[in-house]
């Protein structure tokens, strides 16, 4: 992931901590990383994600 994508993922995780999301933190992080990579030029498949 690019630095910009990493920064976006970190910011999204911080924002998600402010909300009351009743899901596993690992699931939330994986979803955030997947969405960020899909929006960037660095497309990854779900199989390629490791948290």
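Here is how the numbers come out for the structure above:
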| quantity | calculated |
| --- | --- |
| Listed peptides 18-24, 34-40 by packing density, highest first (mean Cβ within 10 Å) | 34-40, 18-24 |
| 16, 27 arranged by Cβ crowding within 10 Å, fewest neighbours leading | 27, 16 |
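Each value in this text was obtained by applying a stated rule to the coordinates, not by laboratory testing. Predicted, not measured: the structure shown is a model, and the values here were computed from it. Cβ sites come from the backbone with ideal geometry, for glycine too, and all protein chains shown count toward neighbours.
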